[in-house]
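One structure below.
The values are calculated or read from the model by the stated rules, or taken from the named source; none is laboratory data. All values derive from a computational prediction rather than experimental measurement. Neighbour counts are summed over all protein chains in view; Cβ atoms, including those assigned to glycine, are modelled from backbone coordinates with ideal geometry.
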């Protein structure tokens, strides 16, 4: 049985996902698709703080509080509606972002239990806002076991869909000695983006015989900034340029070729005038087209 078919067989079984992820990491390296390699690395090692998570790793949680009041009064194990937590502390507290590695997810799934979180910081925010004149002495969040089962199944299903799609698009993909060639790398990247994330557009620029891959989600500023950084812009430039693009829509659509806004054009003009390419792969010739494509995808115009 070939490497790819063996991987598919494991995916169809009830085996843990962490060993499968490690094997996929080798396969991704042979394909040469950087976005695929990055996703596999995060699934294998866990997602760092600040890194945007795929939707299947974001789940709701329940809240339990311990309250005390005057004259020895109190309420134990009091459930607090997530909607109330959202109203008091904001949307960031409404869901739990599961950043654990695939091995961590496997461990929790095997335990048969969910995860209880100590939310001491959140307890400070809700003082006197849940039960008037009562102090919140302890606050816990609980993420159900089923949430981790769903994460494991989502990873398994996406990898299976990915391998099937790759096998259709790249017939030789079932060969572990797959050569790292440009055509297969581009196909693998497109298949990955459609399978794993969905709704994400891949854009590329081939200036100076180099490829620049960006994945920009519509009206997602963080996605825009991260994509510009990956294209070669420095962190400060990507932040500044991303802010300008987010602040002004593209002007004038002429023959399907919209123009960038005045502030963005002025920002780019200063770089070109100074002879700088902002580090973008492909040089100055790629700079304008990369930014224009990124902006178009951000605004959903292409």
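Just one of the listed residues (42, 59) is closer than 30 Å to residue 137 by Cβ, crowded, with 16+ Cβ neighbours inside 10 Å and within 21 Å of the chain's Cα centre (by Cα), namely 59. Taken together, the residues in segment 7-25 that are without any contact (Cβ under 8 Å) to a residue 40 or more places away in the chain and surrounded by 13 or more Cβ atoms within 10 Å (Cβ to Cβ) amount to 6. Within segment 224-246, identify whether any single residue is surrounded by fewer than 19 Cβ atoms within 10 Å (Cβ to Cβ), modelled with pLDDT of 55 or more and not in a helix (DSSP H, G or I), and answer yes or no. So far as segment 224-246 goes, yes, one or more of its residues are surrounded by fewer than 19 Cβ atoms within 10 Å (Cβ to Cβ), modelled with pLDDT of 55 or more and not in a helix (DSSP H, G or I).
Scanning segment 121-146 for residues that are at pLDDT 85 or above and within 27 Å of the chain's Cα centre (by Cα) returns 122, 140, 141, 142, 143, 144, 145, 146. Of the residues making up segment 73-88, those that are touching a residue at least 12 places away in the same chain (Cβ under 8 Å) and surrounded by 13 or more Cβ atoms within 10 Å (Cβ to Cβ) are 74, 75, 78, 80, 82, 84, 85, 88. Which ones in segment 89-111 are free of Cβ contacts under 8 Å to residues at least 60 places away in the same chain, in a helix (DSSP H, G or I) and more than 14 Å from residue 147 (Cα to Cα)? Result: 89, 91, 92, 93.
Can you tell me which of 291, 212 is modelled with pLDDT of 55 or more and under 23 Å from the mean Cα position of the chain (by Cα)? Let's see the steps before the verdict.
Numbers: 212 fails: modelled with pLDDT of 55 or more.
One residue alone meets the criteria, 291.
Residue 70 meets the stated requirement of being surrounded by fewer than 15 Cβ atoms within 10 Å (Cβ to Cβ) and in contact (Cβ under 8 Å) with a residue 60 or more places away in the chain. Taking the numbered list (1) at pLDDT below 85; (2) out of contact with any strand residue (DSSP E or B) (no Cβ under 9 Å at 6 or more places or on another chain); (3) crowded, with 21+ Cβ neighbours inside 10 Å in turn, residue 256 passes all entries but (3). The criterion of being at pLDDT 90 or above and within 30 Å of the chain's Cα centre (by Cα) does not hold for residue 95.
Is at least one residue of segment 57-80 assigned by TED's automatic domain parsing to the domain that holds residue 140, under 21 Å from residue 215 (Cβ atoms) and part of a helix (DSSP H, G or I)?
So the first thing to find is which residues in segment 57-80 are assigned by TED's automatic domain parsing to the domain that holds residue 140, and the list is 57-80.
Keeping just the survivors that are under 21 Å from residue 215 (Cβ atoms) gives 57-58.
Of the ones still in play, those that are also part of a helix (DSSP H, G or I) are 57.
Yes, because at least one residue in segment 57-80 is assigned by TED's automatic domain parsing to the domain that holds residue 140, under 21 Å from residue 215 (Cβ atoms) and part of a helix (DSSP H, G or I).
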